[in-house]
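Notes to accompany the following structure.
The values are calculated or read from the model by the stated rules, or taken from the named source; none is laboratory data. Every value quoted in this text rests on a predicted model; they were computed, and no experiment measured them. Glycine gets a Cβ as well: all are built from the backbone with ideal geometry, and neighbour counts include every protein chain shown.
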Amino acid sequence: MTASQRTGLADAMSQAAIDWLDLLDDGQRQRAAFGFPCDTARTQWFYTPTDHGGLVLAECTQEQQQAALRLLATGLSAAGYNAAAAIMGHELILERLESWPVLPGWGRVRDPLGYAAAIFGDPGSGDWAWRFAGHHLSLNYTIADGELVSATPAFFGADPAEAQLPGGAMLRPCAAMEDLGRQLVRSLDECQLAAAMLAPKPPPDIVTGNRPALVDGLWVARPRERFRDARLLPRSLLDGLEGSLRSEEHALGSASIKVLRWTRTPTGVSWHRLRADQREMLSALLGAYLGRLPDRAAQAEHAKVAGACAEQLHFGWAGGTEPRQPHYYRIQGPRLLAEYDNTQRDANHVHTVWRDPDGDFGRDVLAAHYASSH
């Protein structure tokens, strides 16, 4: 992607952000706008139902809601926007499945308008950022010197992963990430599978969780780490989540937890050990993740894992390989982590995330930018 393409995409984001902010009153602006780089607020992200920071759609007028969605659309391809819209609408399905939950001090737990937009810095300047986030959706973009320099972390999830439609069809917002991953693991021969299989049972969630930065040895986050404000949740619910995680860790065993921890040294079957057709499968799987971004942003992410970097990719799997068996995988390279799990709700609850271990939130570019400016 050329500099002019990156700038053109950043310009579209900037105009959409300005248009949205111009519609807000002073009180709404206080909730929507933050400083930049403002790393504490900007890099604190979530994919659970909690306070994601920013102005929630439910607190906006219809005109303001539409302007926020126009901003969201600048950060996604048409297909990516469709996936995001389906995920937001999934809250209505989940609300019915969970018998319409309401929590004291919070209210409606599953709300398709419970998504928030946040702007960091001045969209009319060279350096700023924005986020759109809520349950099972967290999209983070950083602009430096008027160019989009980061579109990660990018999280998409769905609960339920598949929901039945009339006539037997299924609504599956993250279908490609599951189907293409399963196709690849089931294509592996005995030796390849032995290298790829990290553990017989999957972790209970994506291993890196919602940490702002990736460091060696990460394991599934404790429940109180995953929520912005534990006061919004009953203590009994948090205690129950903690107890469930301990039980799952006990079932996994310390040996499996050790090998499933995230480190900068990739684990799994390497690119070099894959056949040509399997490399095409892995490329298609990566393409499904990148296909959620606008073409120009997807090209920039793809460039990070092309050439010699692609040869350092590893694919690791844990759990069953049949549909509706709990499972997990990750794809890892020098500038890439794609992590996926489908373990909850009888393997009908999926999480997917795309990260850059060095460049999430534009850390690498901003560090160089500020170093050269001072």
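Matching residues to (1) within 16 Å of Asn82 (Cβ to Cβ); (2) of a type in the set (Phe, Trp, Tyr); (3) touching a strand residue (DSSP E or B) at 6+ places or on another chain (Cβ under 8 Å):
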residue: Leu113; (1), (2), (3): no, no, yes
residue: Leu137; (1), (2), (3): yes, no, yes
residue: Thr142; (1), (2), (3): no, no, yes
residue: Thr152; (1), (2), (3): no, no, yes
residue: Phe155; (1), (2), (3): no, yes, yes
residue: Ala175; (1), (2), (3): yes, no, no
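Of the helices (runs of 4 or more DSSP H) lying entirely inside the stretch 1-81, the ones with 3 or more residues being of a type in the set (A, V, I, L, M, F, W, C) are found at 3-22, 62-74. Residues in the stretch 191-199 include none that are in a loop (DSSP other than H, G, I, E, B) and assigned by TED's automatic domain parsing to the domain that holds Gly320. Of the set (1) surrounded by 14 or more Cβ atoms within 10 Å (Cβ to Cβ); (2) touching a residue at least 40 places away in the same chain (Cβ under 8 Å); (3) assigned to a loop (DSSP other than H, G, I, E, B), all apply to Gly105 but (1).
Here's a check for you: in the stretch 318-357, which residue that is of a type in the set (Asp, Glu) and in contact (Cβ under 8 Å) with a residue 24 or more places away in the chain is nearest to Ala161 (Cα to Cα)? Reasoning before the result, please.
Of the stretch 318-357, the ones of a type in the set (Asp, Glu) are 322, 339, 341, 346, 356.
So of that shortlist, the ones also in contact (Cβ under 8 Å) with a residue 24 or more places away in the chain come out as 339, 341, 356.
Details: Glu339: 16, Asp341: 11, Asp356: 25 Å.
Restricting to residues being of a type in the set (Asp, Glu) and in contact (Cβ under 8 Å) with a residue 24 or more places away in the chain, the top hit is Asp341.
Looking at this structure, is Asp346 part of a helix (DSSP H, G or I), under 30 Å from Lys201 (Cβ atoms) and of a type outside the set (S, T, N, Q)? Considered against the rule, which asks whether it is part of a helix (DSSP H, G or I), under 30 Å from Lys201 (Cβ atoms) and of a type outside the set (S, T, N, Q), Asp346 comes out as yes. Residues in the stretch 244-282 that are buried (at least 16 other Cβ atoms within 10 Å of the Cβ) and small (Gly, Ala, Ser): Ser256, Gly268, Ser270. Quick one: would you say Ser99 is at positive phi, at pLDDT 95 or above and either outside any helix (DSSP H, G or I) or not assigned by TED's automatic domain parsing to the domain that holds Asp346 (or both)? The answer is yes for Ser99.
Let's see how each residue does on (1) of a type outside the set (D, E, K, R); (2) within 15 Å of the chain's Cα centre (by Cα):
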{"position": "Leu76", "(1), (2)": "yes, yes"}
{"position": "Glu91", "(1), (2)": "no, no"}
{"position": "Glu98", "(1), (2)": "no, no"}
{"position": "Phe156", "(1), (2)": "yes, yes"}
{"position": "Pro166", "(1), (2)": "yes, no"}
{"position": "Pro173", "(1), (2)": "yes, yes"}
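How many residues, within the stretch 266-292, are hydroxyl-bearing (Ser, Thr, Tyr) and free of Cβ contacts under 8 Å to residues at least 40 places away in the same chain? Write out each step before concluding.
Let us first name the residues in the stretch 266-292 that are hydroxyl-bearing (Ser, Thr, Tyr), namely 267, 270, 283, 289.
Now restrict to residues that are free of Cβ contacts under 8 Å to residues at least 40 places away in the same chain: 283.
Of the residues in that region, 1 qualify.
Evaluate the following for Val207: is it assigned to a helix (DSSP H, G or I) and in contact with a helix residue (DSSP H, G or I) (Cβ under 7 Å, 6 or more places away or on another chain)? Against the criterion (assigned to a helix (DSSP H, G or I) and in contact with a helix residue (DSSP H, G or I) (Cβ under 7 Å, 6 or more places away or on another chain)), Val207 does not qualify.
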